[in-house]
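Engineer: A single structure is presented below for examination.
The values are calculated or read from the model by the stated rules, or taken from the named source; none is laboratory data. Note that the structure is a prediction, hence the values are computed from the model and not measured. Cβ placement follows ideal geometry from the backbone for every residue including glycine, while neighbour counts extend to all protein chains displayed. Keep in mind that these areas ignore ligands, DNA and RNA; they rest on the heavy atoms of the full protein, side chains included. Shrake-Rupley method; radii C 1.70, N 1.55, O 1.52, S 1.80 Å.
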Amino acid sequence: MQPRIYTRTEHNVSRKQISEHALKVLYRLKSEGYEAYLVGGCVRDILLGREPKDFDVATNATPEQVKKAFRNCRLIGRRFRLAHVVFGREIIEVATFRGSGDKDKAAPKVDSDGRLLRDNSYGTIEEDVMRRDFTVNALYYNIKDFSIVDYVGGMDDHRAGSMKLIGDPETRFREDPVRMIRLVRFAVKLGFSIDAKCDQPIKQIADLLGNIPAARLHDEALKLFLSGNALQTFEMLRHYGLFEYLYPGAEKSLAFEDQGFPKQFIVKALENTDARIASGKSIAPYFLISTFLWDSVLRIADKNLAKGMPESIAYQHASSEVISKQVQSTAFPKHIGMAMRDVWGMQPRFSYRNGKRAFKLLEHPKFRAAYDFLVLRAETGGADKALAEWWTEFQTAGESKRNKMVANLNGTYPKKRRRRRKPAAKGNNNG
Ligand code: ATP
Ligand code: MG
C-alpha cells in the first residue's frame, strides 16, 4: 500500500504548534533509531488550526523499548500495553503500531455480531492505519522529515470537511459500535458532515450499542455532553437514533412530548451546559443526567402518589427505579446517582417553606444544584415562576428579611401538589 506523502511545504502542521514534550519524545525515539509519528486527534486538530487536547505518538518501538529510552516512562494497560512518558502534568502517550491480530488470516477476529475480539498484537504502520476509525483521525506526522503520511485519503476528507470511516462503514461499526457515537462527536466538534454511506448501517445496527459495557458508554456520554457542543450533539444523536441507547428513559419521555415538555427543559439544560463550558465554568455531570431523566422520575412519582404513597417516599422510590434502569445503559459511579437523587428529591420540597423548612432546605449540601434545577423547570414551564423567584430572593436575603419572607407565606402553604402539566387532551375532556 502506497501512502500519499505531504511534504512540509504542502501542509500547515508546524512544530510551533506541537508541545515541546511531544517533540522531545519524537526526537528521542528517532535518535534511538525508531520510527516516530504524531497521530490521531492532535494532527487533525492542528490541521484545523485548533489547539490539540493532548498529543499521541505512534512508533515501531515496543513498549519495553520505549521504556528503556525514557527515564520518566511507565507502562500501562494489560491487554494492549501503552507507554506514558510523564512530564509533570503533561503525559505523552506512546503506542506501538498495532497489528490486525492474526498473522495467518487477512481478516481480524470478530464475534457473531462482527465485534473485534483480538486487537492486541503489534504491527506495521500500514496495519496501524487500518485499525483506526476515521480517515481524518489517521494522519501521521513524521518527525523524520516533518511530512504527513496519508494512507486513506484523510487530507482530502479534511479539506472537504467530511467524516468517513476507513473501510466499509458497517463492518467497522460492527467491530466497535462505539464508533457510531464517536462519529457524531467528531462531526459536531469539527463541524464536518457525515458521509452518507453511514446512514443506513447506523439505522440497521445502532442496537449493537446495547452490548457495550455500560461503564464505557457512560464515559463516552460524558465526552459527548461535556464537549461544549452538547445541544448540537444531542440533536444529532437523536437524528441518528443513537440517543436512545445512551438514555432510553429520556428518549421515551421525548416521545411523549406534550406542548414542548420535556424537550424544552432538556434543551435549556444542554444550552446552559454549553454556555458554562464556554465561559470556563465547571460542570457537574450529574446535573445534566438528572435533567434527562426528570420526566421519568415525575411519571413514576405521580403513579406512586396516586397509590397513596407519601410524597417524599414517592420521589425516593421513583428515583431508585429510574437510576437502576439507567445504569443498565450508562453505568455511573454511586456518588452521581446520590446527587441526582438529592436534586430530584428536593424539587417537591421547594413548595414547603413555612416554619423552619425553607431554612433547612437552604443548608442542604446540594441546595444550589437543586435550586438551579428548579429555575430551569420554571423557565421552561415545568414549575411555578413565582416560586423560583421566591427562592432566588430568599437565598440572597439577610436573616431578618428571610424571617419576614417566611412569615409572609401564611396561606400559601400548598395543600395539594400542583400538577406539572395538563393531561394530554385526547378527545376525552367532554368538551
Ligand atoms: P480527542 O480530541 O477527543 O481526544 P482523538 O481523535 O484523539 O480525539 P481518542 O479517543 O483520544 O480521540 O483516540 C486517539 C486515536 O485513536 C483516534 O484519533 C483514532 O485514530 C484512534 N481510535 C480511538 N478510538 C478508536 C476506536 N474505537 N476505533 C478505532 N480507532 C480508534
Ligand atoms: Mg486524544
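Engineer: Which length gain, in nm to one decimal place, applies between Lys325 and Asp168 when the Cα-Cα distance is subtracted from 0.36 nm times their residue separation? Kindly include the intermediate steps, with their values, before the conclusion.
Structural biologist: Working: separation 157, 0.36 × 157 = 56.52 nm, distance 3.41 nm.
Result for the pair: 53.1 nm of gain on full extension.
Engineer: Another question, if that's okay. Once you have the Cα-Cα distance between Glu399 and Ser112, take 0.36 nm times their residue separation minus that, and quote the gain in nm to one decimal. Each step should come with its number before you reach the end.
Structural biologist: Values: separation 287, 0.36 × 287 = 103.32 nm, distance 6.67 nm.
Gain in length upon complete extension: 96.7 nm.
Engineer: Could you tell me what fraction of 2.2 N^0.38 Å the Cα radius of gyration of the chain comes to, as a two-decimal ratio?
Structural biologist: Working: Rg = 26.3 Å, N = 431, 2.2 N^0.38 = 22.1 Å.
Rg over 2.2 N^0.38 Å, computed on Cα atoms: 1.19.
Engineer: Hey, another quick one. Give the accessible area for Ser400 in Å² (nearest 10); use a 1.4 Å probe, count only protein heavy atoms, and leave out ligands, DNA and RNA.
Structural biologist: My reading of the accessible area for Ser400 is about 80 Å².
Engineer: Let me ask something else about it. Hey, what number do you get for the chain at 222 nm if only DSSP H runs of n ≥ 4 count, each worth -39500 (n - 2.57), divided across all residues, to the nearest 500?
Structural biologist: Values: 20 runs with 211 residues, N = 431.
It comes out at -14500 deg cm²/dmol, rounded to the nearest 500.
Engineer: Then there is this: Between Asp145 and Arg4, what is the label-point separation in nm under the 7 Å Cα-to-beta-carbon projection?
Structural biologist: Once both label points are built, they end up 1.7 nm from each other.
Engineer: What list of ³J(HN,Hα) values in whole Hz, one per residue of region 396-407 in order, does the Karplus curve 6.51 cos²θ - 1.76 cosθ + 1.60 (θ = phi - 60°) give from phi, with Gly and Pro shown as x?
Structural biologist: Residue by residue, region 396-407 yields 8, 6, x, 4, 5, 5, 4, 4, 5, 4, 5, 4 Hz.
Engineer: Shifting gears a bit: Would you mind getting me the FRET efficiency between Arg368 and Arg159? Use the beta-carbon distance for r and R0 = 60 Å, nearest 0.05. Mind showing how you got there, number by number?
Structural biologist: Details: r = 46 Å, r/R0 = 0.77.
The value I calculate is 0.80.
Engineer: Considering only Gln259, Leu270, Ser100, whose Cα is most displaced toward the positive end of the charge dipole of the chain, charges sitting on Cβ of Lys, Arg (+1) and Asp, Glu (-1)?
Structural biologist: Ranked along the dipole, the leading option is Gln259.
Engineer: In whole Hz, what ³J(HN,Hα) sequence does region 317-333 give by Karplus (6.51, -1.76, 1.60; θ = phi - 60°), x for Gly and Pro?
Structural biologist: 5, 4, 4, 4, 5, 5, 5, 5, 6, 4, 5, 6, 9, 10, 8, 10, x
Engineer: Leaving ligands, DNA and RNA out of it, report the carbon-plus-sulfur percent of the accessible area of the chain at a 1.4 Å probe. Provide the component values of the computation, followed by the final result.
Structural biologist: On the way: 10740 of 21590 Å².
The computed percentage sits at 50.
Engineer: With N denoting the number of residues in region 120-227, provide Rg(C-alpha) divided by 2.2 N^0.38 Å, to two decimal places. Kindly include the intermediate steps, with their values, before the conclusion.
Structural biologist: Details: Rg = 14.7 Å, N = 108, 2.2 N^0.38 = 13.0 Å.
The value comes to 1.13.
Engineer: Follow-up question, since we're still on this one. Check which residues have an amide H placed less than 5 Å from Leu139's amide H, if you skip close sequence neighbours.
Structural biologist: Under 5 Å from the amide H of Leu139 lie the amide H atoms of Gly40, each far enough along the sequence or on another chain.
Engineer: Now for a different question. Could you give me the radius of gyration and the Dmax of region 1-160, taking only the C-alpha atoms into account and expressing both in angstrom?
Structural biologist: 15.6, 47
Engineer: Among the lysines, select those whose C-alpha is under 26 Å from the C-alpha of Lys281, and discard any that sit fewer than 8 residues away in the same chain.
Structural biologist: Cross-link targets: Lys53, Lys189, Lys223, Lys263, Lys268, Lys334, Lys366, Lys385.
Engineer: Just name one of Tyr315, Leu217, Ile205: the one whose Cα is farthest towards the positive end of the charge dipole of region 199-340 (beta-carbon charges, Lys/Arg +1, Asp/Glu -1).
Structural biologist: Working it through, the farthest residue towards the positive pole turns out to be Tyr315.
Engineer: How large is the accessible surface per residue of the chain, computed with a 1.4 Å probe and reported in Å² as a whole number?
Structural biologist: I get 50 Å² per residue for this part.
Engineer: Let me ask something additional. Looking at region 286-319, which trypsin sites (Lys or Arg not before Pro) are in a loop (DSSP not H, G, I, E or B) and have at most 15 other Cβ atoms within 10 Å? Intermediate results must be reported in sequence, preceding the final value.
Structural biologist: Details: sites: Arg299, Lys303, Lys307; in loops: Lys307.
Taking region 286-319 and a limit of 15 other Cβ atoms within 10 Å, the loop trypsin sites (Lys or Arg not before Pro) found are Lys307.
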